[in-house]
Amino acid sequence: MKPTCNAILNELRRQIAENDKPENRSNYQRFHKEKLKDPEGLKTPILRKISNRCFKDVKPLTVSDVLKLCDGILATRDRYMRFFAFDWALKVKNGYVVKDINLFEVWLKKYVDNWGSCDHLCTGAIGCHVLQFPDDVRRTMKWTRSKNRWLRRASAVSLIVPVRQRELLNEVFATADILLMDDDDLVQKGYGWMLKEATHEFPDEVFAYVMKHKDRMPRTALRYAIEKLPADIRKKAMKKG
């Protein structure tokens, strides 16, 4: 018998209540500049444990049904449910179809309101979808022009999964070009992180890119981008002029 959304929600809530103890909670506000509605919550390892346990009831469903279920629990706008939905969407990555990017974009617009949830979705389901369907880049490139800071950050962070697999380097640089002078520090950190991840496979190319743009690139993005390069290279990149 197929589990209903309400049944899954009830079980998730039961396990959350069961684990909601002081020793299992953390203050997340210290990681965020924007004020969180609920600054305290269950630690990520606890949430992942609950997620893995409850996914056993979801796993027999088709990928389409899993994503519909995720969409249903996201509609509660509960931050824990958002964690479970993004986690479960990643677990079925091998069954994605092209049109799933439409749903993921809806999630990004409707349910992402901080950098943690943005990165969870983008280094998970969206990044894996872009890796499987490179034409998605046409979609992510549009996000670079959005007024929504999380979409702009997502345009960069969504390319981290592909570039780790030595894919889409040109698109990484094209995205960085558009975001280069963005005045939002969380967007700067997002594309700086993207470039940093690219240095693992393409250190020379990223260094050349940084040296070309370092006089205009915000220092926040620059520091992120070169963080994993050798010390002498970092020093050269940080030198003004």
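The values are calculated or read from the model by the stated rules, or taken from the named source; none is laboratory data. Predicted, not measured: the structure shown is a model, and the values here were computed from it. Here Cβ is always computed from backbone atoms with ideal geometry, including for glycine, and neighbour counts include all displayed protein chains. Heads up: the accessible areas ignore ligands, DNA and RNA and are worked out on the full protein's heavy atoms, side chains in. Shrake-Rupley method; radii C 1.70, N 1.55, O 1.52, S 1.80 Å.
Some points to look at:
- Rounded to whole Hz, the Karplus (6.51, -1.76, 1.60) HN-Hα couplings of region 162-173, x for glycine and proline: x, 5, 5, 9, 6, 10, 6, 4, 4, 5, 4, 5
- For the chain, a simple Cβ point-charge model (Lys and Arg +1, Asp and Glu -1, everything else neutral) yields a dipole of about 460 debye relative to the Cα centre.
- Formal net charge of residues neighbouring residue 206 (Cβ-Cβ distance under 10 Å; K, R +1; D, E -1): -2
- Computed on the chain, the Cα convex hull volume stands at 128 Å³ per residue.
- 3J(HN,Hα) from dihedral phi, region 45-59, Karplus parametrisation 6.51/-1.76/1.60, rounded to Hz, x for glycine, proline: x, 5, 4, 5, 5, 5, 4, 5, 5, 6, 5, 4, 7, 8, 3
- At 1.567 mPa s and 4 °C, Stokes diffusion of region 95-142 via Kirkwood alpha-carbon radius, µm² per second: 119
- Scaled against 2.2 N^0.38 Å for its residue count N, the alpha carbon radius of gyration of region 44-145 is 1.02.
- In order through region 5-19: 3J(HN,Hα) via Karplus (6.51 cos²θ - 1.76 cosθ + 1.60), integer Hz, x for Gly, Pro: 4, 5, 5, 5, 4, 4, 5, 4, 5, 4, 6, 4, 4, 5, 9
- What region 132-241 shows is 51 Å² of accessible area per residue, with the surface traced by a 1.4 Å probe over protein heavy atoms.
- Above-threshold pairs, the threshold being 27 Å between Cα atoms, out of 43/189; 43/93; 43/99; 142/212; 56/228: 43/99; 56/228
- Apolar share of the accessible surface for the chain: 50 percent from carbon plus sulfur atoms, 1.4 Å probe.
- Estimated [θ] at 222 nm from DSSP helical runs (n ≥ 4, -39500 (n - 2.57)) normalised by residues in the chain, nearest 500: -19000 deg cm²/dmol
- Measuring r between the beta carbons of residue 20 and residue 228 and using R0 = 45 Å, the FRET efficiency lands at 0.75.
- Accessible-area ranking of 197, 227, 23, largest first, probe 1.4 Å: 23, 227, 197
- These residues, 5, 128, go from largest to smallest accessible area, 1.4 Å probe, as 5, 128.
- Measuring only protein heavy atoms, the 1.4 Å probe finds residue 144 accessible over about 10 Å².
- Most to least accessible of 164, 219 (protein chains only, probe 1.4 Å): 164, 219
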